[in-house]
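Notes to accompany the following structure.
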Amino acid sequence: MAKRDARQKLNVLITAAECVPFAKTGGLADVVGALPKYLRKLGHDVRIVLPRYRVIDEKRFGIEDTGKEVTVNIALSEHIGKIKQTVMPGTDIPVYFIDSPEFFDREELYRTLQGEYWDNAERFIFFSKAVVEMVKVIDFKPDIINCNDWHSALIPVFLKTTYAQDEFYKNIGTAFSIHNIAYQGQFDRSKLELAGLPPSLFNVDEMEFYGGANFMKGGIVFADAVNTVSEKYKEEIQTPEYGYGLDGVLRHINGKLHGIINGLDYSVWDPATDKYLPLNYDAGTVEKKEEVKWELLKECGLKFYDNIPVMGLISRLDDQKGLDFIATIIDDIMRLNIQLVVLGTGKEQYHEMFNYIKSKYPDKISVNLKFDNRLAHLIYAGSDIFLMPSRFEPCGLGQLISLKYGTVPVARETGGIADTVKRFNFKERTGSGFLFSGYNPHELLRAIRVAADSYKNKNVWKKIQGNGMKADFSWELSAKKYSEMFYEILENKKEIPK
């Protein structure tokens with residue numbers, strides 16, 4: 001086996017369907033926007049490639065046409081993708097965009113309120129093939145391609161089938177990152193033929209999944225390493241309860257499965273330097289949160305009261321997030337004399353639910369059904385409690401941000417939440433939040449009630465805040481673990497680049 005040289009620079013291409021600050025629907029974008037910066041600090045040549053969506057403002061980000069393009073064949077039809085380029089703001093990291101209006105000039109990234117785009121399979125078959133073709137066109141041979149979620153899961157499949165005989169692609173390692181196993185890219189088996197993949201892949205050991213084709217399964221099977229975004233979630237997805245049908249596949253490839261917790265980009269998320277806040281604070285001046293809270297409530301049209309906690313909820317409005325619990329216990333929550341500020345978009349049923357709740361308690365609840373980055377920062381800083389009742393949470397960034405901002409999490413003990421938030425122990429004064437284990441609304445209500453009661457004791461509350469604000473979940477450690485995984489991939493290929 002080749003010996004690893006930890007000082008050696010690697011060429012790393014990170015490919016995903018979204019990335020902050022260019023396009024975002026969820027936590028995936030935050031990860032892809034942060035990880036490359038810290039891999040770059042380790043000395044690697046890191047580059048990013050994304051689809052060029054309508055929402056991406058070329059002028060704002062200085063995106064320019066390289067004059068190069070790729071031709072991708074889908075179902076015997078050729079499709080052109082122009083290659084555009086800029087750098088990640090504040091860095092020298094190149095960011096490439098595959099520009100194809102027929103696939104990406106849409107109102108949203110993946111779906112509207114009416115549902116998924118009908119041609120999502122074709123859109124991301126095109127993107128995955130275009131990425132593979134692009135590296136040759138721009139003459140950048142990656143040592144590692146890090147693919148993220150089902151949208152780029154076909155890249156490891158293409159490299160080991162369609163492109164296996166092309167000398168340029170030999171010895172390129174692939175890492176496939178699972179950010180949320182509930183979204184797998186399941187389509188009719190005919191999509192494999194559209195992709196130009198061998199019919200032989202349609203079998204239970206490779207890409208067949210209950211009679212259809214599963215893109216994520218292909219990524220898991222064909223990638224050289226698979227990682228997910230926390231140790232706890234790595235364990236959970238190997239069980240029937242959390243594996244969404246892929247638990248058996250993941251148990252089978254357990255030897256190449258990693259769990260690396262997402263970090264938090266403290267250059268963006270730090271109340272001491274946050275440019276979106278009316279005033280800044282840190283663990284030593286946490287009492288200033290009260291002034292930020294006043295500003296938050298003023299903006300949300302709610303009245304400020306001394307000694308009444310504000311509970312923030314920032315979330316994709318989806319079944320995964322445990323939001324159905326809130327409708328069940330909202331009357332009990334309101335009887336606890338708590339104000340609630342909600343920010344997020346998602347399923348229409350939850351838009352309707354929160355609008356109804358707002359109409360019922362207009363003086364206590366603010367509902368903001370939109371994506372608003374500035375307001376998100378204000379909610380994290382101005383709230384006293386942060387609510388995360390998730391059914392499952394692969395990693396979760398919300399609790400990491402809330403801890404840094406001295407906003408105490410009330411959350412379900414699952415996935416990355418279990419790895420990062422520790423139950424507060426009243427006797428020993430340790431821990432940073434209030435957790436519940438079972439999946440029912442009454443356990444959530446009990447945790448909220450304990451948090452609300454604890455808030456009345458300012459000494460206890462300040463201790464909980466301080467414990468959370470001292471925790472370090474920076475990307476440095478996580479990036480080193482990614483780097484180690486990349487080296488391990490190349491070692492296993494017995495081909496460390498010179």
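Only one residue in Leu39, Leu76, Leu50 is open to solvent by less than 10 Å² (accessible area, probe 1.4 Å), hydrophobic (A, V, I, L, M, F, W, C) and over 15 Å from Phe127 (Cβ atoms). Which one?
Leu39
Between Gln320, Gln349, which is among the polar types (S, T, N, Q) and in contact with a Phe, Trp or Tyr (Cβ under 9 Å, 6 or more places away or on another chain)?
Gln320
Could you check region 118-136 and list, in sequence order, the residues that are touching a strand residue (DSSP E or B) at 6+ places or on another chain (Cβ under 6 Å) and either within 14 Å of Leu13 (Cα to Cα) or among the aromatic types (Phe, Trp, Tyr) (or both)?
Hits for region 118-136 are Phe126, Phe127, Ala130, Val131, Glu133, Met134.
Among the listed residues Ser474, Ser432, which satisfies the condition of being at pLDDT below 95 and of a type in the set (S, T, N, Q)?
Ser474
Would you mind telling me which numbered condition in (1) within 22 Å of Thr328 (Cβ to Cβ); (2) out of contact with any Gly (no Cβ under 6 Å at 6 or more places or on another chain); (3) touching a residue at least 40 places away in the same chain (Cβ under 8 Å); (4) not acidic (Asp, Glu) Lys404 fails?
Here Lys404 clears every test but (1).
Can you spot a residue in region 425-445 that is in contact (Cβ under 8 Å) with a residue 12 or more places away in the chain, farther than 30 Å from Thr239 by Cα and surrounded by 23 or more Cβ atoms within 10 Å (Cβ to Cβ)?
no
Can Ile125 be described as modelled with pLDDT of 95 or more, assigned to a loop (DSSP other than H, G, I, E, B) and either open to solvent by less than 10 Å² (accessible area, probe 1.4 Å) or in contact with a helix residue (DSSP H, G or I) (Cβ under 8 Å, 6 or more places away or on another chain) (or both)?
So Ile125 fails the test.
Quick check, is Glu287 in contact with a Pro (Cβ under 8 Å, 6 or more places away or on another chain), part of a helix (DSSP H, G or I), open to solvent by 40 Å² or more (accessible area, probe 1.4 Å) and over 26 Å from His179 (Cβ atoms)?
no
What number of residues within region 455-491 satisfy the criterion of being surrounded by 15 or more Cβ atoms within 10 Å (Cβ to Cβ) and farther than 20 Å from Gly396 by Cα?
13
Go through region 9-21 and count every residue that is farther than 14 Å from Asn146 by Cβ and open to solvent by 10 Å² or more (accessible area, probe 1.4 Å).
Residues that pass the stated criteria total 3.
Which one of Val131, Val204 is closer than 25 Å to Asp247 by Cα and out of contact with any Phe, Trp or Tyr (no Cβ under 7 Å at 6 or more places or on another chain)?
Val204
Those residues that are farther than 25 Å from Asn355 by Cα and either surrounded by fewer than 24 Cβ atoms within 10 Å (Cβ to Cβ) or touching a strand residue (DSSP E or B) at 6+ places or on another chain (Cβ under 7 Å) (or both), I need them from region 369-395; list them, please.
Within region 369-395, just Pro394 meets the criteria.
Could you list, in sequence order, all residues of region 295-323 that are open to solvent by 50 Å² or more (accessible area, probe 1.4 Å), without any contact (Cβ under 8 Å) to a residue 40 or more places away in the chain and either out of contact with any helix residue (DSSP H, G or I) (no Cβ under 7 Å at 6 or more places or on another chain) or more than 20 Å from Lys456 (Cα to Cα) (or both)?
Lys298, Tyr305, Asp306
If I filter region 128-146 down to residues being assigned to a loop (DSSP other than H, G, I, E, B) and among the hydrophobic types (A, V, I, L, M, F, W, C), which single residue comes out as nearest to Lys170 (Cα to Cα)?
Selected residue: Phe140.
If Ser200 meets every condition in (1) crowded, with 18+ Cβ neighbours inside 10 Å; (2) over 22 Å from Glu69 (Cα atoms); (3) over 26 Å from the mean Cα position of the chain (by Cα) apart from one, which number is that one?
For Ser200, the failing item is (1).
So that you can scan it fast, the table gives a plain yes or no per residue for (1) basic (Lys, Arg); (2) modelled with pLDDT of 95 or more; (3) surrounded by fewer than 23 Cβ atoms within 10 Å (Cβ to Cβ); (4) farther than 27 Å from Val72 by Cα:
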position	(1), (2), (3), (4)
Lys141	yes, yes, yes, no
Ser152	no, yes, no, no
Ile155	no, yes, no, no
Tyr163	no, yes, yes, no
Phe168	no, yes, yes, no
Ser190	no, yes, yes, no
Glu208	no, yes, yes, no
Phe215	no, yes, no, no
Asn227	no, yes, yes, yes
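Considering only residues that are in a helix (DSSP H, G or I) and within 24 Å of the chain's Cα centre (by Cα), which ones fall in region 339-364?
Within region 339-364, Glu348, Gln349, Tyr350, His351, Phe354 meet the criteria.
Can you name the condition, by its number, that Ala34 falls short on among (1) of a type outside the set (Phe, Trp, Tyr); (2) touching a residue at least 60 places away in the same chain (Cβ under 8 Å); (3) over 22 Å from Cys147 (Cβ atoms)?
Condition not satisfied by Ala34: (3).
Could you please give the count of residues in region 246-266 that are more than 15 Å from Ser483 (Cα to Cα) and touching a residue at least 60 places away in the same chain (Cβ under 8 Å)?
Final tally of qualifying residues: 4.
In this structure, is Gly255 in a helix (DSSP H, G or I), open to solvent by 40 Å² or more (accessible area, probe 1.4 Å), out of contact with any strand residue (DSSP E or B) (no Cβ under 9 Å at 6 or more places or on another chain) and not aromatic (Phe, Trp, Tyr)?
It is true that Gly255 is in a helix (DSSP H, G or I), open to solvent by 40 Å² or more (accessible area, probe 1.4 Å), out of contact with any strand residue (DSSP E or B) (no Cβ under 9 Å at 6 or more places or on another chain) and not aromatic (Phe, Trp, Tyr).
Considering each of Ile314, Ile260, Ile253 in turn, give the residue that is under 19 Å from the mean Cα position of the chain (by Cα), over 30 Å from Ile330 (Cα atoms), at pLDDT 95 or above and of a type in the set (Val, Ile, Thr).
Ile260
Being within 19 Å of the chain's Cα centre (by Cα) and assigned to a helix (DSSP H, G or I) is the requirement here; does Ala447 meet it?
No: the conditions fail for Ala447.
The values are calculated or read from the model by the stated rules, or taken from the named source; none is laboratory data. The shown structure was predicted, so the numbers you read here are calculated from the model rather than taken from an experiment. Positions of Cβ are generated from backbone atoms using ideal geometry, with glycine treated the same way; all protein chains shown enter the neighbour counts. The protein model used for the area step is the full one, side chains on, heavy atoms only, and it has no ligands, DNA or RNA in it. Shrake-Rupley method; radii C 1.70, N 1.55, O 1.52, S 1.80 Å.
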